[in-house]
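The values are calculated or read from the model by the stated rules, or taken from the named source; none is laboratory data. Computed from a predicted structure; not experimentally measured. Neighbour counts run over all protein chains shown; Cβ positions are idealised from the backbone, glycine included. With ligands, DNA and RNA removed, areas are computed over all heavy atoms of the protein, side chains included. Shrake-Rupley method; radii C 1.70, N 1.55, O 1.52, S 1.80 Å.
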Amino acid sequence: MNLSKSQPYSRFAFVAAFTFLLQLVFAQTGSVRGFVYNKSDGEAVPFSNVYFKGTTIGANTDLNGFFSITKVPPGKYTLLITNLDFDTITEDITITAGEILSKKYYCTKGGIKLKEVEISAEKAEKIENTTVAVQKIDPTIIAKLPSVGEPDLAQYLQVLPGVVFTGDQGGQLYIRGGLPVQNKVLMDGMQIYNPFHSIGLFSVFDNDIMKNADVYSAGFNAEYGGRTSSVMDITTRDGNKKRLSGKVAASTFAAKMVLEGPFVKLKEDGKGSASFIVSAKHSYLPQTSKSLYRYANKDGLPFYFTDIYGKASINATNGSKISVFGFNFNDKVDYPDIATYNWTSTGAGSNFVLIPSGSNLLIEGVFAFSNYNIGYQNPKIETDSKKSGVSGFNGGFNFIRFVGRSEVKFGFEGIITNTTYQLQNPFFTKVTAERSTTDISGYVKYKYVDQKKRFIFEPGFRLMYYASLNVFSPEPRASLKINFTPKIRFKGAAGLYSQTLMSASSDRDVVNLFYGFINAPENQQMPSTYLDKDGKTQKVNSSVQRANHVVAGFEFDIMKYIDLNIEVYQKNFNQVINTNRDKLFDDTPENASKPDALKKDYVVEQGRARGFDVVLKFEYKRFYLWSVYSLTLNDRWQGNTATGAILNYPPNFDRRHNVNLVGSYTFGKKRNFEVNVRWNYGSPFPTTPTQGYYPAINFNNNLNYNYTTSNAELGYLPGDLNSVRLPDYHRLDIGFKYRYNWTEKVILEISGGATNAYNRENIFYVNRFTFERINQLPILPNLNLSLSF
């Protein structure tokens, strides 16, 4: 007998037998799947706990309100649906072997809950999900903070653990040691390249159209790729499916409008629905500040922005959905006689959810295009200008298969990115860089939950193929949770990550409102080797930037209403591409003998971010208290292959200590009064001192230029990079709200407060030539009126 010839038949027989056995197992059990919606407007209700009373069989709804409970033994059960914001739903159902029940449920807001049900709803998310280094944010939580005008995601992100905010004017968010360009921002699956306005109190996202935001600060799993530090995934609502509704609001800073309603009304026994939602907001701060905030700047605060977003959705009878959306975001900063910055971001796309009949499979997909352009102009020098743009198309599919409380998720994605960068100033000729790249990736992730819910394990694997560079990047990732008791839980995550997109500005700049992009520099623009932090020579194989993460922590439910969360983390940025500040020569054949460190456009650095965060939360009835302490240590290393020297320096966002205290109290018989407070302390940022000055002469590329009769400009010699620290930072924000229910559906809200309530003079920067100290924004009282209908 020839065993080698029989092996293929044996393998086929084994696979066939295994498949038959699997089908037999599922045929002996039944399944129930469905959607949970808000009865008042038809919006999906995520994060609800759906389970059979008296058993451990159940599931949680996702962002689409979808749940799937598989491998249920045949029999009669009582199905419970619980959510802290809605009344509990109960229904008696019968499970039949080999059958899949499809259900729809509509929740009513209220407080009808059994005691055991309330506990179950509160703990399900913590026990059954790894929740490592992730913050789940909804509009209700954002509204608990003091706000400037309407509540905004940008103001809430500043209080998250591990997040450092560099200032009110042109400030950027750095998440656990990662640069803004290393943070992937998605809105309904579409890439957003700059989510924040130049005045750091506002983002491009309207709080009233948000459904949910997930912020992964480290160790994110395989469904996300193309960034080496963090992910922000924002999902918007579909719009009211039952009636025309909306909101208008105006404050001392800006005005906004939201309008939503049905094209085809949702009926609980109907065949489907169609809805829309539109949001627009506009800043008139440059006008109002001339009278209201003249003390801050006699010429007014020069921050303009306009944001428009629209979305239309069609829902099928079985819960399948398709949405189309688009946006236009604009921002401008105009400092008279200093500089003008402006950027525009536009985009459009579509996403969908498919529920195949007779299957426990969920299919998600997205196809989107977005474009971002930014410009800088010196009003005094016409030739001093910069431009940058990035546009990208992303498309992909996700497939989710539910097996009991476990699930398998896999998918693939393709991204085409185009970047342009133009620079022209009095000292350099015009420089133009254009680049187009294609990235292809696929991933698989498995979530295992043991029967007693003591152990949750999520191994994942992502394969990135940077086609334009012909580089493969295999990236294993994993997360886990161990529930020692229902009140004490351990969690951890780790993974490998990569990206090619980089900032067009050096991350060493202290103040820079110009934030452009460059993608995957050509190999000839890079040095052939670099020195790592240990002084060893490493070969540069490509412009792919790489990192690895490790994060672990504990969750403690100290009392019923008090939670304590502790996490420690380390991110190693093994290859970071930065602009070469030490370049002295053009990279031409004449300078072939010069070291790469003195002629290449870019340098390779290494970085490390490590620290720990402590979050203590108390939430009970009318009280909400949240305290966050973060300790972060950031390091960067740059090796000079010409001298062998290793420069170790803290980046300009290295804030070692960061404290946030947030409080909210609701009072009144109808709970229509609310007061909010937030206090933030941050230890000093590093900065580079001035070592001396010299006359800077522009020879205009003329060897015969008579420098003895020319007028030189004043130049400065920097000292050791980031070797001194600025003063520390602290700020108090306060706010109040009053809600008046005009009718059941018409609500008037009056809110106000003050940013920087005790008028702390927090430093922005110091002019190196005039020694003038420029501070962040002073106290800014505000008043806001809104009408919801």
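When each of N398, N351 is tested for being under 30 Å from A478 (Cβ atoms), open to solvent by less than 40 Å² (accessible area, probe 1.4 Å) and in a strand (DSSP E or B), the lone residue that passes is N351.
Going through (1) farther than 22 Å from P195 by Cβ; (2) open to solvent by less than 30 Å² (accessible area, probe 1.4 Å) one by one, K290 falls short only on (2). Counting only strands (runs of 3 or more DSSP E) that sit completely within segment 560-658, those holding 2 or more residues that are closer than 19 Å to S229 by Cβ and either among the aromatic types (F, W, Y) or at pLDDT 90 or above (or both) correspond to 562-579, 602-620, 623-639. Looking across segment 598-627 at every residue that is under 27 Å from M502 (Cα atoms) and of a type in the set (F, W, Y), the one that is surrounded by the fewest Cβ atoms within 10 Å (Cβ to Cβ) is identified as F612. Restricting F276, F263 to residues that are in a strand (DSSP E or B), open to solvent by 30 Å² or more (accessible area, probe 1.4 Å), under 30 Å from N351 (Cβ atoms) and without any contact (Cβ under 8 Å) to a residue 40 or more places away in the chain narrows the list to F276.
Results for (1) assigned to a strand (DSSP E or B); (2) of a type in the set (G, A, S); (3) without any contact (Cβ under 8 Å) to a residue 12 or more places away in the chain, shown as yes or no for each residue.
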residue: E413; (1), (2), (3): yes, no, no
residue: Y421; (1), (2), (3): yes, no, no
residue: T432; (1), (2), (3): yes, no, no
residue: D439; (1), (2), (3): yes, no, no
residue: K453; (1), (2), (3): no, no, no
residue: L469; (1), (2), (3): no, no, no
residue: E475; (1), (2), (3): yes, no, no
residue: S479; (1), (2), (3): yes, yes, no
residue: G492; (1), (2), (3): yes, yes, no
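For segment 764-789, name all the residues that are of a type outside the set (A, V, I, L, M, F, W, C) and in contact (Cβ under 8 Å) with a residue 12 or more places away in the chain. Y765, R768, N775, Q776, P778, P781, N782, N784, S786, S788, listed by residue number. One residue is enough: does segment 525-538 have a residue meeting the conditions part of a loop (DSSP other than H, G, I, E, B), on the phi > 0 side of the Ramachandran plot, surrounded by fewer than 17 Cβ atoms within 10 Å (Cβ to Cβ) and small (G, A, S)? Yes: one or more hits.
For segment 46-83, the set of residues classified as part of a loop (DSSP other than H, G, I, E, B), on the phi > 0 side of the Ramachandran plot and touching a Gly at 6+ places or on another chain (Cβ under 9 Å) consists of G65 only.
Of everything in segment 778-788, what is in a loop (DSSP other than H, G, I, E, B) and open to solvent by 80 Å² or more (accessible area, probe 1.4 Å)? Give them in sequence order. The answer is none; no residue qualifies. Taken together, Y193, Y174 contain a single residue that is touching a residue at least 12 places away in the same chain (Cβ under 8 Å), more than 22 Å from V134 (Cβ to Cβ) and either part of a helix (DSSP H, G or I) or not basic (K, R) (or both), which is Y193. In the condition set (1) open to solvent by less than 10 Å² (accessible area, probe 1.4 Å); (2) of a type in the set (S, T, N, Q); (3) part of a loop (DSSP other than H, G, I, E, B), N221 is compliant with all but (1).
For segment 56-82, a residue qualifies if it is under 30 Å from the mean Cα position of the chain (by Cα) and open to solvent by 10 Å² or more (accessible area, probe 1.4 Å), and the qualifying residues are A59, N60, D62, L63, N64. Kindly indicate the residue of segment 301-319 that is in a loop (DSSP other than H, G, I, E, B) and more than 18 Å from G149 (Cα to Cα) and also nearest to the chain's Cα centre (by Cα) among those meeting that condition. Out of the qualifying residues, it is G319. Against the conditions (1) within 20 Å of L301 (Cβ to Cβ); (2) aromatic (F, W, Y); (3) open to solvent by 40 Å² or more (accessible area, probe 1.4 Å), Y729 satisfies every one except (3).
In summary, D85 fulfils each of the numbered conditions (1) within 27 Å of N398 (Cα to Cα); (2) open to solvent by 30 Å² or more (accessible area, probe 1.4 Å); (3) of a type in the set (D, E) with the single exception of condition (1). Condition first: under 24 Å from T688 (Cα atoms), open to solvent by less than 80 Å² (accessible area, probe 1.4 Å) and assigned to a loop (DSSP other than H, G, I, E, B). Now tell me which residues in segment 734-777 satisfy that. Within segment 734-777, R760, N762, N767, R768, Q776, L777 meet the criteria. Kindly indicate whether G389 is within 30 Å of A255 (Cβ to Cβ), in a strand (DSSP E or B), open to solvent by less than 20 Å² (accessible area, probe 1.4 Å) and of a type outside the set (D, E, K, R). Judged against the criteria, G389 is a match.
Just so you know, in segment 635-666 the residues that are open to solvent by 60 Å² or more (accessible area, probe 1.4 Å) and within 23 Å of the chain's Cα centre (by Cα) include one that is nearest to Y530 (Cα to Cα), and it is R656.
Considering only residues of segment 143-165 that are among the hydrophobic types (A, V, I, L, M, F, W, C) and more than 15 Å from the chain's Cα centre (by Cα), which is surrounded by the most Cβ atoms within 10 Å (Cβ to Cβ)? In this case the residue turns out to be V148.
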